[in-house]
Structures are given as structure tokens and as C-alpha cells.
Amino acid sequence: MNQVKKFVSKNAVPILFAIVCLLGVYYAEMPGQFLLMEIVKRMARNSFLVLSLIIPVVAGMGLNFGIVLGALAGQIALILSTHWEWAGIGGLGLTALLATPLAALFGFLAGMVLNKAKGREMITGMVMGFFANGVYQFIFLFLVGTLIPFDNPTLRISTSPGLRNTVNLSRLRGVLDNVWTVQYGFTKIPIVTFMVIALLAVAIWAFFKTKLGQDFRAVGQDRHIAGVAGIQTDRNRILAIVFSTVLAAWGQIIFLQNIGTLNTYNSHEQVGTFAIAALLIGGASVTRATIGQALMGTFLFHLLFVVSPSAGQAIFGSAQVGEYFRVFVAYGIIAISLALHAWRSKSLSKVSMEEDVTA
Amino acid sequence: MSVPVLEMKNISKSFYGTQVLKNIDLRVAKGEIHCLVGENGAGKSTLMNILFGMSVITNTGGYDGQILINGEHVAFNSPKAAIEAGIGMVHQEFMLLPGFTVTENIKLNREDTKPNLFSKIFGKKLETLDRKKMSADARTALDKLGMNIEEWVTVEGLPVGYLQFVEIAREIDKEGLQLLVLDEPTAVLTESEAEQFLEVIRRLADTGISILFITHRLDEVMAVADNITILKDGELVRSGPTESFTIAQIAELMVGRRIDTSARIGGERPKAATEKVLEIRDLHVDMPGERLRGIDLDVYKGEILGIGGLAGHGKIALANGIMGLYQSVGQVRYEGTDLPLNSPREALNRGLAFVSEDRRGVGLVLEDTIANNIVLTSMQVQDKFLKPGPLKLKDQKKITQHALESIERFDIRCTGPDQIVRRLSGGNQQKVCIARAFTQNPKLFFVSEPTRGIDVGAKARVLELIVELNRMGATVVITSSELAELRSISDRIAIIYEGKLSGVLAPDAPDLEYGLLMAGKSLEEVGVSEGTAN
């Protein structure tokens with residue numbers, strides 16, 4: 001009985017969302033095949049991004065809203081690659097390669113800022129994302145075509161400076177997904193994309209078995225103690241953010257090659273919120289995140305995402321309400337997860353106090 | 001005599017013109033346990049900082065004098081250099097990561113690694129941890145200490161007493177450890193844990209490791225030290241073999257005046273009145289680890305009532321329960337009317353004040369100034385130190401003035417009323433707590449473990465202050481683990497055993513009776529006449 005209680009208290013968040021998801025599936029009355037297709041597509045699209053969040057959490061920097069910067073780096077690389085007409089899987093690799101130094105630079109700058117805002121990393125990262133968005137818009141909406149000579153009719157708005165609102169990534173669309181697919185009913189399973197995700201998961205797992213990974217964990221547990229032991233805490237924190245940002249850039253490239261079009265001014269906006277929501281739903285917290293939680297969370301989040309409009313429509317009888325429902329769910333999830341996390345850490349400390357008595 | 005492991009000669013140090021160390025000599029031989037004692041501010045930490053090449057020393061112009069390790073001159077400019085020379089240090093506060101296993105903590109930043117494919121490309125940092133070797137090393141270190149804890153458990157779940165051993169295991173796992181510095185390691189340990197700890201120290205010394213042991217507990221010094229060095233105000237007072245000292249001598253040399261902890265502080269007081277100020281009936285307090293299971297006790301007006309008993313039997317819970325800090329049931333009547341339980345606000349409103357045993361957790365707002373800490377409760381509860389008007393604005397002038405008076409009166413050693421409380425030493429923090437209670441001008445004053453973790457000189461002063469408060473008309477209920485302390489100031493002493501009242505004794509009752517009550521035997525049971533209890 002006690003074990004059940006502990007399990008529930010430990011996994012309150014994923015359990016709650018599993019229940020909500022089941023209710024959603026029940027009310028949405030979607031055909032199973034369609035549901036499976038949607039989930040596979042979305043898992044392939046998003047898992048990489050969510051996994052990119054794990055390292056900074058373990059390094060004690062909380063949920064990295066700064067992955068927006070990584071997404072921007074990925075998009076800049078995609079714009080350039082479209083301009084230079086890179087194509088195919090090689091082109092995609094080249095794009096990722098191009099994004100890497102950019103993302104590393106962004107990550108380094110973000111890490112420096114976050115080191116000045118210890119303990120407030122999440123909100124700082126979020127605001128940094130907004131700021132970077134402003135700079136990004138300034139460059140691509142205003143400087144391109146004025147200060148930066150750029151004359152590509154497929155990318156430029158014809159009547160004024162700036163890039164078009166949508167960029168067609170036709171040369172890169174699905175190039176990773178389509179290397180090798182397996183058909184299951186209506187569902188095309190992009191095996192290579194999943195292999196890349198698996199590779200990342202294994203890499204993260206292996207990374208935490210290395211000296212550097214151990215240092216990250218130590219810094220995440222207690223900066224002061226790690227510092228006294230001679231670990232360079234600030235340097236490790238910057239590295240953690242650099243890793244996360246680079247991974248996020250690659251994740252965004254994978255995401256966009258699946259979608260096939262780049263929404264120049266919007267694609268990156270919700271990357272942070274959605275990836276973080278997914279991670280939280282998997283049962284991760286501000287201080288703890290595992291690969292299993294990331295994948296489980298991605299699954300639950302997108303399951304809910306798929307069923308919520310239809311469920312909303314079935315329950316409230318309006319497609320409009322269904323759309324609102326979608327947005328409401330995404331932000332509501334973050335709020336509830338964080339609240340549940342706070343509640344859980346409180347009740348956990350109670351449990352440990354009781355254990356003291358019996359010990 | 002062989003060459004000493006550590007020799008410090010003529011060490012002097014000034015901070016900005018103030019001399020804090022004057023010509024200190026210190027010799028520690030191989031396998032020797034050397035105790036360094038002295039009041040807070042005597043210069044012990046400065047001396048250790050010099051030994052370790054801490055940046056506070058190097059950044060302030062270094063030091064004068066010489067340090068020799070095994071007869072060779074050294075001058076460490078960083079802790080790392082000192083550690084490499086075979087000096088280990090166990091800090092007063094735990095330097096352990098709660099979520100790491102014992103092994104991981106022992107090997108923190110000294111992990112054994114083995115190369116893999118990636119480390120060959122990207123460098124040593126990406127080598128895989130050699131967990132097998134790490135565990136084996138940790139086991140060896142723990143075995144050396146005679147500890148049977150598993151090396152793979154996380155530190156989080158370990159009892160506090162074990163943490164200190166994990167820290168020592170970390171030090172002895174370091175290659176070539178010659179000298180281990182222990183900075184007040186037993187301050188947080190219970191009596192039995194401290195005993196075990198001393199046992200471990202002896203074993204270490206027997207293996208040839210020299211120990212420099214800094215402590216406030218003088219009985220420990222007598223039990224374990226080969227040699228003792230006493231510092232006072234930055235000067236070496238006396239150094240010599242343990243046999244040449246008695247505890248009373250050490251204490252006297254430390255504080256420079258004779259104090260006898262068993263003597264009555266404040267002399268005899270007039271007999272307390274028989275008017276009951278507090279009547280406790282069947283009080284249960286749900287305080288983890290210190291549960292009270294139904295206690296009946298009366299407190300008389302104007303007395304100092306001591307609450308004693310062994311750790312874990314619930315003596316701490318009495319004050320915490322009445323002040324509303326832990327869930328309680330039962331009946332408490334204060335000045336003839338019921339005192340609602342579980343409401344700190346109500347207790348404060350009725351004129352009760354409390355100096356908590358958890359100074360840093362409950363007692364103080366650590367990040368706030370001395371001035372604000374002193375006036376906090378009075379301002380909140382009694383609307384003192386506020387400007388007239390409905391907005392309840394702080395009257396900063398009054399606050400500062402009061403803080404200055406308190407600092408003077410309670411002899412709080414600080415840079416001024418605006419100093420952050422966290423930076424104060426334990427004894428001075430306690431004085432701030434007591435100053436706050438004074439400010440409330442309480443009628444009934446609870447104080448728990450007032451002298452825990454503070455040095456001998458401050459101890460006596462704190463006890464004097466409590467008596468002073470009593471003289472001003474407050475009834476005092478003092479809870480303490482140190483019986484001698486209770487006997488030195490209380491009028492009556494209640495002993496708690498397993499959450500219940502075991503008996504009440506006079507302060508001059510024989511030791512035997514105290515021992516019996518603490519062991520849960522009633523006095524009638526063993527035929528001791530109950531003449532002293534009420």
C-alpha cells in the first residue's frame with residue numbers, strides 16, 4: 001500500500017495526464033489507425049528537441065527555455081541552406097553542420113548570461129528567448145535586403161526588405177524521414193529518424209557515465225560543494241547550455257524537415273514551451289529529468305494534442321472551442337506540472353521527515 | 001625526536017593593520033592527535049586558512065613566519081597545493097552531495113576513469129567512469145574507518161552522524177594523506193556518534209596519519225588528544241601534552257577568566273512565587289524525532305524551569321508545541337485562560353517569546369540585517385517600531401537606535417546593525433535571537449538549546465542574559481541537552497523520558513537521581529525519597 005502511494009506520489013504528473021489522455025481518446029472517438037499515424041509522426045518530429053533539454057536540467061540549470069536560441073540557429077542554417085539550394089540527406093547534414101557553430105556561440109552567450117542569473121535560469125532563459133526573437137526579426141525582416149544584400153526571389157519579399165513569411169523547404173522535406181520507412185497499416189514509420197533519436201538517447205546516457213557527465217551532475221546537485229571539490233562550476237554550466245543549444249538546433253532542423261515549410265517568424269516561438277511541457281508531463285521536474293521521462297512525456301503530450309481538438313468539439317460542440325482547447329492545454333499543462341511538482345516536493349520532504357522518526 | 005609532519009613557526013598575520021595572529025608555533029608529529037582549542041575569534045580558522053593557502057590570506061598580503069612539512073619549507077598559494085602536499089580537511093559543514101552515492105561523494109572530482117573511443121578524440125574529460133575501481137577504493141576507505149555502511153547508498157538517506165565519516169573516508173582515500181584537519185567535526189553529532197567518531201580518529205592516528213583537531217567540546221579534547229594548543233586573541237596561550245591540563249584549566253586559559261559551569265549563574269534568587277502561570281495538561285506534540293506523548297506540567301510565575309532529558313525523548317517538542325510550530329493536541333492554560341494550540345500568532349500575542357533550537361532555520365532570517373532580525377517579532381506582533389498612521393511604515397530611525405542599544409547591551413560582535421546575520425558566528429547569532437526576545441518584553445520566555453554550537457565565553461554570557469531576563473520579571477522555560485547548564489541557572493528541572501514527564505528535580509539534586517529519571521526510572525521505584533520534586 002505504501003509502495004503504491006509512493007509510486008503515485010512520485011509519478012503524479014504522468015499518471016494524471018495519462019488519465020486525461022484516455023478520457024480524450026474516449027471522447028474524440030478517433031480511429032486507432034489515424035491516432036497511431038499522428039503519434040508516430042509527432043514522436044519522430046519532436047523527441048529530439050525534448051531530449052535536448054535533459055542535460056541542463058541535470059546540470060542544475062532548470063528547464064532551458066533558452067532552447068529557442070538553438071531553434072533560431074537551426075532556422076538560420078535552414079534559410080542559408082535554402083538560399084544555397086542544398087538538397088537531399090547530404091544537404092541536411094551540411095545544414096546541421098552549419099547550425100552547430102552558430103548554436104554553440106548562442107549557447108555560450110546564453111550560458112554567460114545564465115551564470116549571472118543563478119537560481120533564476122528559467123525566467124532568464126525565457127526572456128532571453130524573447131530578446132533573441134527580436135534580434136532575429138530585426139535581421140531577417142529589416143536588415144536583409146537593406147544592409148545585407150540578399151536577392152533571392154524565392155526567399156525575399158518582392159516589394160520590401162525582409163524574408164517571406166514562409167520558406168518552402170522543398171529540397172530538404174522529409175529527406176531524413178524517407179531514407180528508410182516501414183509501412184504499418186496507414187502509418188509510415190521513419191526508421192532512420194527514430195534511429196537518430198535512439199542514438200541521441202544512448203549518447204546522453206553514455207555521457208552521464210563519463211567524467212564530464214559526472215561533473216555536470218555534481219554541479220547540478222550543489223554548486224558550492226562541487227566548487228570546493230575543484231570542479232569549475234561556471235564552465236560546466238556554460239558547457240551544459242552549449243550542448244543543449246546545439247542539440248536544440250539539430251532538433252529544430254529535424255522538426256522542420258518533417259514539416260517541410262519554415263514559418264520564418266513563428267516556427268521557433270513555441271519550441272521552448274512545447275518541449276518543456278512535454279518533458280514535464282513525462283514526470284521530469286526542474287531538478288530531475290531522464291530519457292524515459294522525455295520520451296514518455298513527448299508521447300503523452302502529443303497524444304493529448306492530437307485528441308484535444310476533437311475531444312473539445314465532441315464535448316463542447318464547437319470546432320472553435322476545440323482550437324482554444326489546444327492552446328489552453330499546452331499552457332495549462334506547464335502550470336499544472338509545475339504546481340504538482342511543488343506539491344510533490346513538499347509531500348516528499350514530509351515523507352523523509354517521517355522516515356527520520358522511524359530510523 | 002623525528003621530524004614533525006607539520007611545523008608552523010612564528011606565524012603572524014594582520015588584516016588591514018589589525019593583528020589577528022601573533023607568533024604562533026605549532027608542531028604535529030607523525031601519528032599525533034593534536035587539539036587546537038580557542039574561543040571563536042581566537043585565530044584558529046585564520047591559522048588553518050594560512051596552512052591551506054586560502055585566497056583570503058593570499059589576497060590580503062600573505063603571512064609572516066614559516067611552514068614546514070616533513071622538515072621542508074612550503075608556502076601554499078592555493079588549497080590545491082596544500083591537498084597535493086598531503087593535507088586533508090574536513091569542514092564544519094558537510095561537503096557532500098545528497099543525491100550522490102557514498103562512493104561518488106568519496107571520489108568527488110577524483111573519479112577513476114578509463115579511456116573510450118570518444119575520449120581519444122575529445123580528451124580525458126570524456127573518459128568513462130571506472131565504477132568498479134571507485135567502489136573498491138571507497139570500500140577500502142570505509143573499512144579503514146570501521147564503517148559498515150554500504151558504499152552504493154545515496155547520502156540523502158544516511159543519518160547525519162554517518163556523513164562526517166563519509167567526509168573522512170574521502171580524505172583518507174586521497175593518496176599520501178599525512179595530516180588531517182578536522183574543523184569542529186562533532187558539533188552536529190549526538191553523544192554516541194561523537195564517541196564513535198573519536199574512536200575512528202584514534203584508529204586513523206594509529207595508522208600514522210597526524211590529526212589536527214579543532215573542537216569546542218573539552219571533554220573530547222581530554223579523551224583523545226596527545227597534545228593541546230590553546231589560542232586566545234591570536235596568541236598562543238599554552239601548548240603541551242594532554243596530561244599537563246585539566247578541563248577546568250583549558251577552559252580557564254581559553255577565556256582568560258575562571259568559569260565553573262556547575263556554579264550557579266547569577267547567584268541565589270528569591271524563592272519563586274507559587275502562582276501558576278502555565279498549566280500544561282496531556283499535551284501531545286507531533287514533532288518528528290522528538291514526539292511528546294502526553295505531558296502534565298505546571299510552570300510557576302517568575303521561575304526558571306529547566307527541561308532536560310536525552311535526545312529523541314521529546315524535550316525539544318514542549319516549547320515548539322506550545323508556540324504552535326508543530327501540530328499539538330492537549331490543553332494549555334496560560335494565566336488562567338486557555339491558550340489556543342497550533343497558532344504561533346496567538347502565542348506571540350499573549351506575550352510568549354521563543355528562542356528556537358533551530359537558530360538558522362526558524363530563529364533568524366539569515367539574509368536580513370541584525371537590526372531587522374531584532375525587531376522583527378515585535379514589529380509584526382506588537383506594532384512596535386512603526387510610524388504612526390494606518391500604513392504601518394517601518395520607523396527606521398527607531399529600529400537602528402534600538403539595534404545599536406541591543407548590540408551594545410548583548411555584546412554582539414559585528415560590523416554594525418546592518419550586517420547580514422548569516423555572517424555572524426554562532427554565538428553572536430544566538431545573542432541576536434535573545435535580543436529579539438528581549439525586545440518583545442515577554443512574560444513567558446521559552447529558550448531551547450541556547451548554547452548549542454557556541455564557544456565557552458559566549459555560552460556563559462548567553463546564560464547570564466537569560467537570568468537577566470528572568471530578573472526583569474519574565475518566567476523562563478529553558479530546554480537544554482547539557483544538564484550542567486540547566487543546573488547552573490534553573491530553579492527546578494523537569495526531565496522528559498519517552499515523551500512523558502519522568503520527574504522534577506531541584507538543581508542541586510544528586511547526579512544519581514538525574515541519571516535515574518533520564519533512564520525512565522521513577523524515584524519511588526528505586527527507593528529514593530522524593531523530597532526534591534514538587
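What are the residues in the stretch B:408-423 that are in a helix (DSSP H, G or I) and more than 16 Å from B:I466 (Cα to Cα), if any?
Scanning the stretch B:408-423 gives B:E408, B:V421, B:R422, B:R423.
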Q: Keeping to the stretch B:106-135, report how many residues are of a type in the set (A, V, I, L, M) and either more than 18 Å from A:T210 (Cα to Cα) or modelled with pLDDT under 85 (or both).
A: 2
Q.
Being at pLDDT 75 or above, within 25 Å of the chain's Cα centre (by Cα) and either farther than 30 Å from B:F410 by Cβ or of a type outside the set (A, V, I, L, M, F, W, C) (or both) narrows it down to one residue among B:E513, B:E464; which is it?
A. B:E464
Q: Name the one entry in B:V74, B:V90, B:V102 that is closer than 14 Å to B:M48 by Cα, away from chain A (no Cβ under 11 Å) and either touching a strand residue (DSSP E or B) at 6+ places or on another chain (Cβ under 7 Å) or β-branched (V, I, T) (or both).
A: B:V90
Q. If we scan the stretch A:185-196, do we find a residue that is of a type in the set (S, T, N, Q) and either modelled with pLDDT of 90 or more or under 23 Å from the mean Cα position of the chain (by Cα) (or both)?
A. yes
Q: Restricting attention to the stretch B:474-499, report how many residues are hydroxyl-bearing (S, T, Y) and part of a strand (DSSP E or B).
A: 3
Q. From the set of residues in the stretch A:169-215 that are more than 14 Å from chain B (Cβ to nearest Cβ), small (G, A, S) and surrounded by fewer than 15 Cβ atoms within 10 Å (Cβ to Cβ), which is nearest to A:F255 (Cα to Cα)?
A. A:S170
Q. Is it true that some residue in the stretch B:117-131 is at negative phi, part of a strand (DSSP E or B) and more than 8 Å from chain A (Cβ to nearest Cβ)?
A. no
Q | Complete set of residues in the stretch B:105-116 that are touching a helix residue (DSSP H, G or I) at 6+ places or on another chain (Cβ under 7 Å) and more than 8 Å from chain A (Cβ to nearest Cβ) | A | B:N105, B:I106, B:K107, B:D112
Q. What residue, among those in the stretch A:216-236 that are under 17 Å from B:K124 (Cβ atoms) and more than 7 Å from chain B (Cβ to nearest Cβ), is modelled with the lowest pLDDT?
A. A:Q232
Q) Consider B:S378 against the criteria (1) more than 23 Å from the chain's Cα centre (by Cα); (2) modelled with pLDDT of 90 or more: it satisfies all of them except one. Which criterion is unmet? A) (2)
Q: Collect the residues in the stretch B:146-184 that are assigned to a helix (DSSP H, G or I), within 13 Å of chain A (Cβ to nearest Cβ) and of a type outside the set (D, E), keeping them in residue-number order.
A: B:V155, B:G157, B:V160, B:G161, B:Y162, B:L163, B:V166, B:R170
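Here's the yes/no breakdown for (1) surrounded by 24 or more Cβ atoms within 10 Å (Cβ to Cβ); (2) modelled with pLDDT of 90 or more; (3) part of a helix (DSSP H, G or I):
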residue	(1), (2), (3)
A:F7	no, no, yes
A:K41	no, yes, yes
A:A77	yes, yes, yes
A:E85	no, yes, no
A:A96	no, yes, yes
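Out of all the residues in the stretch B:439-450, is one or more part of a helix (DSSP H, G or I), hydroxyl-bearing (S, T, Y) and either touching a residue at least 40 places away in the same chain (Cβ under 8 Å) or surrounded by fewer than 21 Cβ atoms within 10 Å (Cβ to Cβ) (or both)?
Going through the stretch B:439-450, the residues part of a helix (DSSP H, G or I) turn out to be B:439-440.
From what's left, hydroxyl-bearing (S, T, Y): B:439.
Checking the rest, the ones that are also either touching a residue at least 40 places away in the same chain (Cβ under 8 Å) or surrounded by fewer than 21 Cβ atoms within 10 Å (Cβ to Cβ) (or both) come to B:439.
Yes: one or more hits.
Do we have A:T233 as touching a Lys or Arg at 6+ places or on another chain (Cβ under 6 Å) and surrounded by 18 or more Cβ atoms within 10 Å (Cβ to Cβ) here? Give the derivation first.
Numbers: touching a Lys or Arg at 6+ places or on another chain (Cβ under 6 Å): yes; surrounded by 18 or more Cβ atoms within 10 Å (Cβ to Cβ): yes.
Yes; evaluated as a whole, the condition is true for this residue.
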Q.
Regarding the stretch A:265-272, can at least one residue be identified that is at pLDDT 85 or above and closer than 30 Å to B:M95 by Cα?
A. no
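Is it the case that the stretch A:294-317 has a residue that's out of contact with any helix residue (DSSP H, G or I) (no Cβ under 9 Å at 6 or more places or on another chain) and either away from chain B (no Cβ under 14 Å) or surrounded by 24 or more Cβ atoms within 10 Å (Cβ to Cβ) (or both)? Working first, answer last.
The initial filter retains those residues of the stretch A:294-317 that are out of contact with any helix residue (DSSP H, G or I) (no Cβ under 9 Å at 6 or more places or on another chain), namely A:317.
Cutting the leftovers down to either away from chain B (no Cβ under 14 Å) or surrounded by 24 or more Cβ atoms within 10 Å (Cβ to Cβ) (or both) gives us A:317.
Looking through the stretch A:294-317, at least one residue is out of contact with any helix residue (DSSP H, G or I) (no Cβ under 9 Å at 6 or more places or on another chain) and either away from chain B (no Cβ under 14 Å) or surrounded by 24 or more Cβ atoms within 10 Å (Cβ to Cβ) (or both).
Here's the yes/no breakdown for (1) in contact with a helix residue (DSSP H, G or I) (Cβ under 7 Å, 6 or more places away or on another chain); (2) of a type in the set (F, W, Y); (3) within 28 Å of B:G515 (Cα to Cα):
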| site | (1), (2), (3) |
| --- | --- |
| B:C414 | yes, no, no |
| B:S425 | no, no, no |
| B:A435 | yes, no, no |
| B:T439 | yes, no, no |
| B:V447 | yes, no, yes |
| B:I454 | yes, no, yes |
| B:E468 | no, no, no |
Q.
Residues to consider are A:A284, A:A311, A:A289; find the one that is of a type outside the set (S, T, N, Q), out of contact with any strand residue (DSSP E or B) (no Cβ under 9 Å at 6 or more places or on another chain) and in a helix (DSSP H, G or I).
A. A:A311
(Q) I'd like the full set of residues that are under 20 Å from A:I79 (Cα atoms), in contact (Cβ under 8 Å) with a residue 40 or more places away in the chain and surrounded by fewer than 20 Cβ atoms within 10 Å (Cβ to Cβ), limited to the stretch A:98-135. (A) A:T100, A:A104, A:N133
Q | Within the stretch B:19-77, considering residues that are touching a Lys or Arg at 6+ places or on another chain (Cβ under 9 Å) and hydroxyl-bearing (S, T, Y), the one farthest from B:N227 (Cα to Cα) | A | B:T60
(Q) I need every pair where a residue in the stretch B:338-363 that is modelled with pLDDT of 90 or more and among the acidic types (D, E) has its Cβ under 9 Å from the Cβ of a residue that is assigned to a helix (DSSP H, G or I) and crowded, with 21+ Cβ neighbours inside 10 Å, sequence separation at least 6 or different chains. (A) none
Q) Given the residues B:D143, B:D137, which is the only one that is in a helix (DSSP H, G or I), away from chain A (no Cβ under 14 Å) and touching a residue at least 12 places away in the same chain (Cβ under 8 Å)? A) B:D137
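The values are calculated or read from the model by the stated rules, or taken from the named source; none is laboratory data. It should be emphasised that the depicted structure is a prediction, and the values quoted were computed from it without experimental measurement. Virtual Cβ from ideal backbone geometry, glycine too; neighbours counted across all protein chains shown.
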